[in-house]
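Engineer: Could you have a look at this structure, given as structure tokens, before my questions?
Every number in this text was worked out from the coordinates using simple rules, so none of it is lab data. Computed from a predicted model, the values in this text were never measured in an experiment. Counting neighbours? That spans all protein chains shown, and the Cβs are built from the backbone with ideal geometry, glycine included.
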Amino acid sequence: MVDARIAEFRRLHESGCFVMPNPWDAGSARALAGMGFTALATTSAGFAWSVGRPDNSIGREETLAHLRVIAGAVDLPVNADFQGGFAAEPEGVAASVDLAVQTGVAGLSIEDFSGDPADPLFEPGLAVERIRAARAAIDSSGTGVVLTARTEGFVWDRPDIYDAVRRLSAYAEAGADCLYAPWISSHEHVAAIVAAVAPKPVNLLVNKPFITLAEAAALGVRRISVGGMLAKTAWRGFLAAATEIAELGTFSAFADLPDLNTLLES
């Protein structure tokens, strides 16, 4: 039987355009849930930074524990940044996905980053089989968790929109419910991906102010996420305040701070 949050997450992908911001811990998740957002997503980068490590350094067991924390902190659907499924071969991806769907998430993404910055993308045939394996694992679970397939070329300095379109089209045919090419940053590229995989929905990462919600919706984007950008914004404030203390011995950043106890009361 499909969980109510999974059913709601699927409904959100049927029409319109919604923003799915990315908390990095239970507190930020609860704060975002209280602001009227309809769904949330984890961020591998934001979580890694919160435990003092760079992105792409967190293993499967830590990630699964983190997914349980975020999904358990809110009543909203949560999409998991599940990186590459913590395996190269399709069988390993399927085994990881089988564990992820048990954490309470309503969706998860699988990317095609190989783990090697010098040769960053899995070859297309293997990449497709990995998505097919993730699809089969979700179907076998009976959960209905939404599967998002990501292509990482733009993240790893391979900004080829034609390759991104080819890959996402193949991932859609392999069973992905939603398609995603992080770090695209032009309206033309957004429109090209939306057209290529239609009628399946597209997730757009907004990691710089190149587009508005209204503009993305007009291009046919169904879902917007922000990755580690909210976490970076929080780190910017923290680092600026700490730098002022260290270098000037002043504390002006402590003026007009939010009442977090009231914000997080339940």
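Engineer: Using modelled backbone amide H atoms (1.01 Å from N, in-plane), which distant-in-sequence or interchain residues come within less than 5 Å of residue 204's amide H?
Structural biologist: 223, 224, 225
Engineer: Here's a follow-up. What angle do you read, to the nearest 10 degrees and between 0 and 90, between the alpha-carbon axis of helix 90-100 and the longest principal axis of the chain?
Structural biologist: 50
Engineer: May I have the extent of the alpha carbons of the chain along their three principal axes, as whole Å values ordered from largest to smallest?
Structural biologist: Largest first, the chain extends 57, 40, 36 Å along its Cα principal axes.
Engineer: Something else now. May I have the convex hull volume per residue, in Å³, for the Cα set of the range 1-88?
Structural biologist: 116
Engineer: Taking only Cα atoms, what is the 0 to 90° angle, nearest 10, from helix 60-73's long axis to the longest principal axis of the chain?
Structural biologist: Once rounded, the angle reads 70 degrees.
Engineer: Taking every pair of distinct Cα atoms and averaging 1/r, then inverting, what Kirkwood hydrodynamic radius in Å comes out for the range 162-213?
Structural biologist: 11.2
Engineer: Antiparallel DSSP bridges in the chain: what percent, to the nearest 5?
Structural biologist: 5
Engineer: Separate question: Collect residues whose amide H, placed 1.01 Å from N in the peptide plane, falls under 5 Å from the amide H of residue 146; neighbours closer than 5 in sequence don't count.
Structural biologist: Close amide H contacts, sequence-distant or interchain: 107, 108.
Engineer: Could you state the angle between the C-alpha long axis of helix 229-248 and the longest principal axis of the C-alpha atoms of the chain, as a value from 0 to 90 degrees rounded to the nearest 10?
Structural biologist: Roughly 30 degrees between the two axes.
Engineer: What does the charge add up to near residue 145, with Lys and Arg as +1, Asp and Glu as -1, over the other residues with Cβ less than 13 Å from its Cβ?
Structural biologist: With Lys, Arg at +1 and Asp, Glu at -1, the neighbours total -2.
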